[in-house]
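Since every read-out is calculated from the coordinates, none of them should be taken as a lab result. Every value quoted in this text rests on a predicted model; they were computed, and no experiment measured them. With ideal geometry, Cβ positions are generated from the backbone for all residues, glycine too; neighbour counts draw on all protein chains shown.
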Amino acid sequence: MDSKTVLVLGASGGIGGELARQLRDAGWQVRALKRGLSDATAARDGLQWVRGDALNAADVRDAARGCRVIVHAVNPPGYRDWDRVVLPMLDHSIAAARAEGATLLLPGTVYNYGPDAFPLLHEDAPQQPLTRKGAIRAEMEARLHAASGQGMQVIIVRAGDFFGPRAGNSWFAQGLVKPGQPVRRISNPATPGVGHQWAYLPDVARTMAALLARRSTLPAFSNFHMAGHWDADGRQIAEAIQRVVARHGGHTPSIGGFPWALLMMASPFVTVLREMREMRYLWQQPVQLDNRRLRATLGAEPHTPLDEAVEATLRGLGCLPAAAARAALA
């Protein structure tokens with residue numbers, strides 16, 4: 001059996017897509033499950049795209065045949081129906097991993113934790129979330145922990161808010177700047193003086209790939225935290241955006257507050273805004289991830305310098321002057 005065949009659920013999304021491409025470049029045979037797949041896209045990007053739905057147990061099981069790793073990076077589009085579909089999708093991945101004897105890798109979140117674990121999150125801190133979405137994420141990890149006690153290997157990698165050139169839905173792209181437009185104003189969601197945890201998506205994928213390469217040395221259940229980019233006062237990401245825009249000949253954008261009041265008013269009618277509102281507490285108090293376990297395992301955490309990461313993100317979003325002009329002509 002090919003020890004470097006992986007099934008990625010969620011390869012159309014931010015972390016799933018980034019990890020799928022990095023594993024492909026590292027010599028893995030990468031399968032990607034996708035609903036509504038056309039024949040024209042079945043072999044694009046050097047990935048093997050397979051038609052199927054993560055909500056269909058048979059589709060996941062069929063796609064996983066011969067795979068040594070399953071990456072469960074799938075989420076409901078637009079945050080819809082979390083309470084109805086998230087756990088069944090995970091159960092299908094667990095069943096497929098058990099059947100194949102495969103390692104299951106999950107991108108984790110900080111939603112799992114409540115204030116009793118703040119401000120510095122250790123991997124083994126109790127998961128006592130206060131939000132609905134956090135409770136679902138905690139249950140996901142509880143099910144994975146139980147499965148690891150029954151012969152299945154599980155790796156969880158937890159990081160802060162994603163940003164990157166292809167990060168998909170993110171606070172960076174949905175809150176701080178407007179994709180496809182030059183940056184004239186930065187809307188900063190952070191409470192002044194409150195630190196916030198960020199993670200550059202290519203670094204997260206590099207970390208996951210490195211852990212998968214070492215999976216034979218890992219225990220049945222591994223839970224790692226990434227330090228990523230710690231914004232100690234809540235302004236460092238915004239100020240990095242200012243520096244990058246100025247270096248590319250644009251006017252230095254202003255930094256303003258995030259329109260939380262407008263979001264509160266609109267959130268009952270828009271699912272994405274409702275989910276963003278639920279996560280506001282993460283911008284009102286410092287929540288930092290401790291990466292000592294990861295460093296002990298890998299020796300060092302993959303880390304792109306902040307300005308370089310922000311520049312790549314803005315370019316990918318079409319927000320730098322030349323990139324924005326090209327996006328307008330596309």
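Counting every other Cβ atom within 10 Å of each residue's Cβ, Y200, Y281 order from fewest to most as Y281, Y200.
The phi-based Karplus calculation (6.51 cos²θ - 1.76 cosθ + 1.60; θ = phi - 60°) puts the 3J(HN,Hα) values of segment 221-238 at 10, 10, 10, 10, 10, 9, 6, x, 10, 8, 8, 5, 10, x, 10, 5, 5, 4 Hz, whole numbers, x for Gly and Pro. Taking amide H as placed 1.01 Å from N in the peptide plane, V154 has its amide H under 5 Å from the amide H of L104, F221, S222, each at least 5 places away in sequence or on another chain.
Which of the peptides 68-76, 28-36 is most tightly packed, and how do the rest follow, going by the mean number of other Cβ atoms within 10 Å of each residue?
On the way: 68-76: 23.7, 28-36: 20.3.
Per-residue Cβ counts within 10 Å, averaged per peptide and sorted highest first, yield 68-76, 28-36.
The residues V85, V244, when put in order of fewest to most other Cβ atoms within 10 Å, stand as V85, V244. Here's the list of lysines a cross-link from K34 could span, going by alpha-carbon distance under 21 Å and ignoring same-chain residues fewer than 8 apart: K4.
Ranked highest first by the average count of other Cβ atoms within 10 Å around their residues, in what order do 292-301, 184-193, 170-179 fall?
On the way: 292-301: 14.4, 184-193: 16.7, 170-179: 19.9.
Listed from highest to lowest mean packing, they are 170-179, 184-193, 292-301.
Rounded to the nearest 0.05, what FRET efficiency is calculated for S216 and R247 with R0 set to 56 Å and r the Cβ-Cβ distance? Once the sixth-power term is evaluated, E becomes 0.80.
For I255, the residues whose amide H sits under 5 Å from its own are I186, ignoring neighbours fewer than 5 places away on the same chain, with H placed 1.01 Å from N.
Modelled this way, with points 7 Å down the Cα-to-C-beta line, the labels at S3 and W230 are 3.7 nm from one another. For segment 169-228, the relative contact order is 29 percent, taking Cα pairs closer than 8 Å that sit 6 or more residues apart in sequence and dividing their mean separation by the residue count. Put simply, when 131-139, 14-22 are sorted by average Cβ atoms within 10 angstrom per residue, most first, you get 14-22, 131-139.
Approximating the spin labels as points 7 Å out from Cα along Cα→Cβ, the A296-to-T191 distance works out to 3.2 nm. Taking a straight Cα-Cα cut-off under 15 Å and skipping sequence neighbours fewer than 8 places away in the same chain, the aspartates and glutamates within cross-link reach of K133 are D81, D83, E141, E275, E278. Using a cutoff of 8 angstrom between alpha carbon atoms and counting only pairs six or more residues apart, the relative contact order for the chain works out to 18 percent.
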